[in-house]
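Q: This structure is in structure tokens; I'll ask about it shortly.
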Amino acid sequence: MEDARSPGREFVAGALPTLPTLRVRLTFRLLSDGVLPTRKGSMFRGGFGYAFQQVSCPRSCWGSEVCAGETICPFRWIFATPHPPDNPYLHDLRDVPRPFVIEPPPETRTHYRAGETLELTLVLIGRGIDFLPYFLLSFARLGDMGLGRDSTRARLERAEALAPWRPVGTVIYQDGRMVATEPLPVLSSAEVVARAAAMPEDLRLTLHSPLRLKYRGDYLNRVVPAALIHAACWRIDVLAAFHADGGWATPYRPLVEAAEAIEVQSGPTTWNDWRRTSTRGPTPQTMSLGGIEGSAELRGVPAALRAVLLMGSIVHIGKACVFGHGGYALEGL
């Protein structure tokens, strides 16, 4: 049983800021044969910004990273979110987290035939949910533009809003048209806290995409609970501050300190090196996005920390979250 005097207990009642999330499964139908990369998250993210701009901005803005308009358009809300004036401690944050995560298909094969399908999961966060139609139209546009090095054309055939914690959902887009559905199965922070409270204290954490996370000056090469809690708290805080109703009401440092007491029985973890070439800017740049993959058993995790870890598994943590990196699963032992 949990000790009521243990660090982090005072956070149980309101363990998370308000941060709604929505998971949407997208199904593409390939219209021709093609070769796609092994890791497909960067492929989808690479052209997605251009597609989003094309469906939401006038042609004069296409290809420009600077918005000249006086109003904050959907593209700017998602890709150049303005700093909230009531959060001075975030005023120097240059790279504002995007309110979405693209979880690519886990398959690593590269050769595809016309007629085959390709699925990915889109996680919308906070006010990003308000722009759901723009996201769907943008992915449809991305399929028209073509995927991968061969610009393999694909049709966005279907989109399903997934029920929380379940692999099934409601069709909201089918064959080029939106299908009305209300209400959307949006997951609230309160539901995350409740589910975490019902989980056991002993957990298995499985990293299913590379986690690139620097802690105390070095990149992690194993699972360190305090590092995970710190990264999750920071990301939840910033996402809630920019894309919801505000971050943590109280400092989350006690949660990080409480994580030091978690016992870790490390499973097999490996460093998976991975590089991506970005075409943004005047010259292409190669980025290192490698990280650890594997699993670990966490013993004696208080409810407040379970809630943080569970929310972190939804919004991802570490570098390159929008590509689907830093994703993991939690299950009770």
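Q: Using only the alpha carbons of the chain, what is the convex hull's orientation-averaged projected area in square nanometres?
A: Mean orientational projected area (the chain, Cα hull): 17.5 nm².
Q: In deg cm²/dmol and to the nearest 500, what is the mean residue ellipticity at 222 nm of the chain if only DSSP H runs of at least 4 residues count, each as -39500 (n - 2.57), divided by the residue total?
A: Values: 7 runs with 85 residues, N = 333.
Computed mean residue ellipticity for the chain: -8000 deg cm²/dmol.
Q: Also, I was wondering about something else. Tell me the angle of helix 41-56 to the major Cα principal axis of the chain, expressed in degrees between 0 and 90 and rounded to the nearest ten.
A: Taking the Cα atoms of the chain, the angle to 41-56 is about 60 degrees.
Q: Starting from the Cα-Cα distance between residue 288 and residue 214, subtract it from 0.36 nm times their residue separation and give me the gain in nm to one decimal.
A: Taking 0.36 nm per residue and subtracting the Cα distance, the gain is 25.3 nm.
Q: Here's a follow-up. Return one number: the angle in degrees, 0 to 90 and rounded to the nearest 10, between the long axis of the Cα atoms of helix 132-145 and the longest principal axis of the Cα atoms of the chain.
A: It is inclined by approximately 50 degrees.
Q: Now a separate question. For segment 124-274, restrict the atom set to alpha-carbon positions and state the Rg and Dmax in Å.
A: My reading of the Cα-based Rg and Dmax gives 19.5, 52 Å.
Q: OK, next. According to a simple spin-label model (label point 7 Å from Cα along Cα-to-Cβ), what is the distance in nm between residue 263 and residue 299?
A: About 0.2 nm, to one decimal.
Q: Quickly rank 289-295, 224-230 as a protection proxy: mean count of other C-beta atoms within 10 Å, highest first. Intermediate results must be reported in sequence, preceding the final value.
A: Working: 289-295: 18.7, 224-230: 22.9.
The packing order, highest mean first, is 224-230, 289-295.
Q: Probe of 1.4 angstrom, ligands and nucleic acids ignored: what's the accessible area per residue over segment 137-234, in square angstrom? If you can, show how the numbers build up before the last one.
A: On the way: 4900 Å² over 98 residues.
I get 50 Å² per residue for segment 137-234.
Q: Still on this model: Note the angle between two axes, namely the Cα long axis of helix 189-198 and the longest principal axis of the Cα atoms of the chain, as a number of degrees from 0 to 90, rounded to the nearest 10.
A: 50
Q: Looking at 330, 192, 179, which one has the Cα that reaches farthest to the positive end of the dipole of the chain (charges on Cβ: Lys, Arg +1; Asp, Glu -1)?
A: Value computed over the given set: 179.
Q: For segment 144-246, which whole percent of the accessible surface, found with a 1.4 angstrom probe, sits on carbon and sulfur atoms?
A: Values: 2390 of 4920 Å².
The computed percentage sits at 49.
Q: Nearest 0.05, what FRET efficiency do residue 50 and residue 190 give at R0 = 45 Å with Cβ-Cβ as r?
A: Numbers: r = 37 Å, r/R0 = 0.82.
Here the calculated transfer efficiency is 0.75.
Q: Quick one: length gained pulling residue 204 to residue 168 fully straight, 0.36 nm per residue minus the C-alpha distance?
A: On the way: separation 36, 0.36 × 36 = 12.96 nm, distance 2.38 nm.
Taking 0.36 nm per residue and subtracting the Cα distance, the gain is 10.6 nm.
Q: With contacts defined as alpha carbon pairs under 8 Å and 6 or more residues apart, what's the relative contact order of the chain in percent?
A: Values: 684 pairs, mean separation 88.2, N = 333.
The value is 27 percent.
Q: What's the extension gain from residue 150 to residue 80 if we count 0.36 nm per residue and subtract their Cα-Cα distance? Write out the running numbers ahead of the final one.
A: On the way: separation 70, 0.36 × 70 = 25.20 nm, distance 2.97 nm.
Full-extension gain reported as 22.2 nm.
The values are calculated or read from the model by the stated rules, or taken from the named source; none is laboratory data. Everything numeric in this text was worked out from a predicted model, so none of it was measured. Using ideal geometry, Cβ is built from the backbone for each residue, glycine included, and neighbour counts are taken over all protein chains shown. Surface areas here come from the heavy atoms of the whole protein model, side chains and all, with no ligands, DNA or RNA. Shrake-Rupley method; radii C 1.70, N 1.55, O 1.52, S 1.80 Å.
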